1. Any residue that is closer than 25 Å to residue A:17 by Cα, among the polar types (S, T, N, Q) and within 14 Å of chain B (Cβ to nearest Cβ) - is there at least one of those in segment A:102-120?
2. Given the condition assigned to a loop (DSSP other than H, G, I, E, B), surrounded by fewer than 23 Cβ atoms within 10 Å (Cβ to Cβ) and among the hydrophobic types (A, V, I, L, M, F, W, C), answer yes or no: does some residue in segment A:88-99 qualify?
3. Can you pull out every residue in segment B:13-29 that is under 23 Å from residue A:87 (Cα atoms) and either of a type in the set (Phe, Trp, Tyr) or outside any helix (DSSP H, G or I) (or both)?
4. Looking only at segment B:168-200, filter to residues that are part of a strand (DSSP E or B) and among the hydroxyl-bearing types (Ser, Thr, Tyr); which one of those is farthest from residue B:232 (Cα to Cα)?
5. Contact list please: Cβ distance under 6 Å, first residue in segment A:58-74 and more than 8 Å from chain B (Cβ to nearest Cβ) and free of Cβ contacts under 8 Å to residues at least 24 places away in the same chain, second residue surrounded by fewer than 23 Cβ atoms within 10 Å (Cβ to Cβ) and in a helix (DSSP H, G or I), pairs at least six apart or on different chains.
6. Working only within segment A:19-29, note down all residues that are touching a residue at least 24 places away in the same chain (Cβ under 8 Å) and surrounded by fewer than 19 Cβ atoms within 10 Å (Cβ to Cβ).
7. Under 9 Å by Cβ, and 6 or more places apart or on different chains, what pairs join a residue from segment B:195-220 that is free of Cβ contacts under 8 Å to residues at least 12 places away in the same chain with one that is in a loop (DSSP other than H, G, I, E, B) and surrounded by 15 or more Cβ atoms within 10 Å (Cβ to Cβ)?
8. If the Cβ limit is 9 Å and pairs must be 6+ apart or interchain, which residue in segment B:52-70 that is within 14 Å of chain A (Cβ to nearest Cβ) pairs with which residue that is in a helix (DSSP H, G or I) and polar (S, T, N, Q)?
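The values are calculated or read from the model by the stated rules, or taken from the named source; none is laboratory data. All values reported here derive from a predicted model rather than from experimental measurement. Virtual Cβ from ideal backbone geometry, glycine too; neighbours counted across all protein chains shown.
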Amino acid sequence: MINRILRFTVIFVLLLLLQVLLFNNIEFSGYVNPFVYIMFILLLPVEIPSWLLLILSFATGLIIDFFTGTPGMHCASTVLAGFLRPYVLRIISPRDGYEPGADPSMVIYGFRWFLIYASIIVLVHHIALFYLEVFRFADFFRTLVRVLLSSLFSVTFILLLEFIRKGK
Amino acid sequence: MRNLLNFLAKYNNLIIFLILEGIAVYLLSTGNNYHNTRVIRGIRGVTRGIEERVSNTRSYFRLRDISQALALENASLKNTIEQLGKKEDVTLLSVSDTVYHQQYVYSSARIIGNSVNRQKNFFTLNKGKRQGMSVDMAVTSGNSVAGVIVGCSDNYSVAMSVLNLDFKLSARIRSNGYFGSLSWEGKDWNHAILSEIPQHVTFGVGDTVETTGYSAIFPEGLLIGTVSSFEKSGSDFYRIEVALATDFRKLRFVSVIGNLKKKEQIELENQFK
């Protein structure tokens, strides 16, 4: 248990550093802003109590908000992603259910499953985030393009990180 | 009571979700607007150190560009001094004459946090109230417009970049003097839109767009950019795309300009509103 908490703390700090030091500084046309920190929400154990998941989501969002100077924006979208995660997990559950005590990782449930899982959560998070950012429905489709492009990059980076994690 | 407890137990997720989401939306609505930005930036003491370090690393990679820009600015300043020196030889101005009191104060600052890829971009300066910064001072890079200070803590200031959906600036075309309103559409960091120029005005691609002195924030005649394309929009006005002269990605050393007569101007204007 302690071991597990420690492991997630390390993952959390690494993702945070990666987001703040690297991905927040990508200046590529304004259309591509990957947010990989959401991977932390993806990796938490399947049987984590929902209240804990929500509070962890909130804390993650808040910390990212402090770094980007956008109070509430990342918070709101990360909490939404955390709230929907149990439902997403239920919908895409593998045929023989989830193994007790296992994390939702690529090693256990395969590439395809993880890709679908990551894509849904990232998309939900990014839609909420980008529309909250502009806070208007003018230029609806341009924001949508930003959402899709950024999601594409976020998912790619998350898969990449998951491969690295798998390799270890 | 029992039912209530059952209800709470059944929907506890939803309730926690709504509470947390409520807090987030509250933060979003109170903390994110134009004037309250300074509050949240004030709390960011912890993140500031990291921000400053990242910014230092980035500026290292851009030293060549930065030194070039500084050299250019130096050259133009030397030219100005030369011209002024010549003038002073022939005119006899008493320095204490109140009519000729200095209107603008200039000071320099370094940018330690910046973004161009959001819809509402701000940047952070390394000087604050103690160094004489105050809200509504103009920020320029070289001779071109960069932003306006919207909040100051003791040692830092936050400025709203031109690349912000909320940024509005009174601008005119240098060749004919017609003025309109400049804003950013959130599309790309090289272009802003100048609107409210009537359709009978003639101008061409490449014409210079500069500030008017109307807002009491920016001095008159600061460079904004050049006309890159224009089209007739539905009404009687042109919709002019302006290529911005400032490269916001490379923003590093800026001048901050304060207007000493701003208070007087605004007080007078308010009397006639």
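1. no
2. yes
3. Selection gives B:17 alone.
4. B:170
5. Close Cβ pairs satisfying both conditions: none exist.
6. A:23
7. B:213/B:219; B:220/B:212; B:220/B:213; B:220/B:214
8. Note: pairs meeting the criteria are B:54/A:24; B:54/A:25; B:58/A:25.
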